[in-house]
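The values are calculated or read from the model by the stated rules, or taken from the named source; none is laboratory data. Quick caveat, the model's predicted, so the values are computed rather than measured. Quick reminder, even Gly has a Cβ in these numbers, built from the backbone with ideal geometry, and neighbours come from all protein chains shown. The area values use the complete protein model at the heavy-atom level, side chains included, leaving out ligands, DNA and RNA. Shrake-Rupley method; radii C 1.70, N 1.55, O 1.52, S 1.80 Å.
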Amino acid sequence: MDFVSENADLFVDAFLATLGLSLLAGLLALALGTLLAAMRVSPVPPLRGLATFYVETFRNTPLTVVFFFIIFGLPQIDFVIGFFPGAVLSVGLYTAAFVCEAVRSGINAVAAGQAEAARALGLTFGQSLREVVLPQAFRTVVPPLGNVLIAMVKNTSIAAGFSVSELSSLLPRLVNADAGDLTLVLVGVVVGYMVITLPSALAVNRIERRVAILR
Amino acid sequence: MRITRYAATLGAAGLVLTGCASEAGQQAEQAASAAPEVAQDAEFPAGTTMAELAEAGSITVGTKFDQPGFGLANPQGVPEGFDVEVAKIIAGELGIAPEEIEWTETVSANRESFIQNGDVDIVVATYTINDARKQLIDFAGPYYEAGQDIMVATGNPLAIEGPDDLAGKRVCSVEGSTPAQNIRDNYPEAQLTLFDVYSKCADALRNGQVDAVTTDNVILTGLVQGGQGAFELVGNPFTEEPYGIGLTKGDDEFRAFINDTLEQAYEDGTWAEAWDRTAGAITGTEAPEPPMVDRY
């Protein structure tokens, strides 16, 4: 138990790193993902093509490769980014592809008549998307969006391999200091992740019950 | 069209990923063709680990796959280097041919648990003997004595001469390694940047994301060689890192056997030959005086 108290501040720091990384990357992913979804359903072919290219590229590339590209690849064209911002960017850009697909499935679930009615009222494409289609779409995709974000929290562990001292980086570090306490460290790290993911799952349930559309 | 775009993206990513492999590996490959002798009539007391391994005709060895000169996996996935040669000498004494050795990659952080779980029979992986590790596993050897040193960009722009100059500098090492812990404990002013493997540190130094890389001199020598003139060594080792061979705790017979094998290899010159073929071929240095085996 001494081991836990001695390293409590390490756990707290690592937990905050994981939490911060998750929040920032999540915001980036939600914003960019929504934008991408709007592009994918827009009437402008180049925008559709660009968004499709983005989604297919990131969705089919392992996150580790995305990390490698951003942390070690970009500096070769003189774009040096710090390790933590680099991790936010990697996880955020990667997750945005999945957010986009979740939101797009929600848009597809909105009855075509809704969009047609919006257009008939004289709303522009942007207005009908913002005021009519997206609000309904988001209410439909709360559970899958929740899954994407919870998976993202776990994906932040890859940042450990790229110099971000987050939760999973404690494993090698503390195990090297005292390999006898491997189990204790493992439990600590798992609990750290659960403190983030379990309330998220609960919140998703709550939100879903409140906003779900009965069809 | 779409397929070619994918291919271009993946190809570019692949280039980044493989950028750290080097000609050092090729040199070692050419030099490592000579194989150590394999004992034909190896016999061991029944019930010992030696008897079991000799009976099975194969041994699982944990080593590093990313350290030129000591353990570096070639494109076929077969590791080469001084650690690998030492493992071959031990396997040879057990009557196991080099091609019957099963190589498992062990990184700094997973070596104890691999030994404890029986995933590997021995670990020969630039593995520093220390007391904390001795609580969990046993060490044969040492078979080499290294020291922690510092690697900087060619020309040493920040004039780093030793660990005391690291204050305020961005220093790269590997999470879970002894050198990283040493910097944390004794040079807290240095800003540590930690990756999971040293090759990433070399990339970061090349990109200017860190100011220096620190670990055992032998590892750095391999990185300097692979850096094609981008890096240089400060050349001021500030610790003593005796490298040992990790094995299951309490297997005293096996440990004594490995120690005997090492001493014999010191005597008959196979140890020095192994050095010349691998790390020596890369660094251009003569085989050092072998360290005293520590039979604790």
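At a glance:
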item: Meets criteria (within 14 Å of chain A (Cβ to nearest Cβ), in contact with a strand residue (DSSP E or B) (Cβ under 9 Å, 6 or more places away or on another chain) and either surrounded by 22 or more Cβ atoms within 10 Å (Cβ to Cβ) or of a type in the set (Phe, Trp, Tyr) (or both)) for B:Ala265; result: no
item: Residue match in the stretch B:148-162 (condition: free of Cβ contacts under 8 Å to residues at least 12 places away in the same chain, touching an Asp or Glu at 6+ places or on another chain (Cβ under 9 Å) and not in a helix (DSSP H, G or I)); result: yes
item: Some residue of the stretch B:190-197 being of a type in the set (Asp, Glu) and either part of a loop (DSSP other than H, G, I, E, B) or within 12 Å of chain A (Cβ to nearest Cβ) (or both); result: yes
item: Of all residues making up the stretch B:217-255, the number that are in a loop (DSSP other than H, G, I, E, B) and within 17 Å of B:Thr154 (Cα to Cα); result: 7
item: Residue tally, condition open to solvent by 30 Å² or more (accessible area, probe 1.4 Å) and over 19 Å from A:Gly20 (Cα atoms), over the stretch A:66-96; result: 7
item: Matching entry among B:Ala109, B:Ala91, B:Ala125, B:Ala140 (being assigned by TED's automatic domain parsing to the domain that holds B:Gly62, closer than 30 Å to B:Glu52 by Cα and either in a helix (DSSP H, G or I) or out of contact with any helix residue (DSSP H, G or I) (no Cβ under 8 Å at 6 or more places or on another chain) (or both)); result: B:Ala91
item: Residues being open to solvent by 10 Å² or more (accessible area, probe 1.4 Å) and more than 9 Å from chain B (Cβ to nearest Cβ) - total across the stretch A:165-177; result: 1
item: Among the candidates B:Gly176, B:Gly155, B:Gly147, B:Gly168, residue that is in contact with a Phe, Trp or Tyr (Cβ under 9 Å, 6 or more places away or on another chain) and either more than 9 Å from chain A (Cβ to nearest Cβ) or over 30 Å from A:Ile77 (Cα atoms) (or both); result: B:Gly147
item: Odd one out for B:Gly208, checked against (1) within 13 Å of chain A (Cβ to nearest Cβ); (2) surrounded by 17 or more Cβ atoms within 10 Å (Cβ to Cβ); result: (2)
item: Residue, farthest from the other protein chains (Cβ to nearest Cβ), within the stretch B:112-122, restricted to residues that are touching a helix residue (DSSP H, G or I) at 6+ places or on another chain (Cβ under 7 Å) and in a loop (DSSP other than H, G, I, E, B); result: B:Asp121
item: Scope the stretch A:117-164; condition within 13 Å of another protein chain (Cβ to nearest Cβ) and part of a helix (DSSP H, G or I); matching residues; result: A:Ser157, A:Ile158, A:Ala159, A:Ala160, A:Gly161
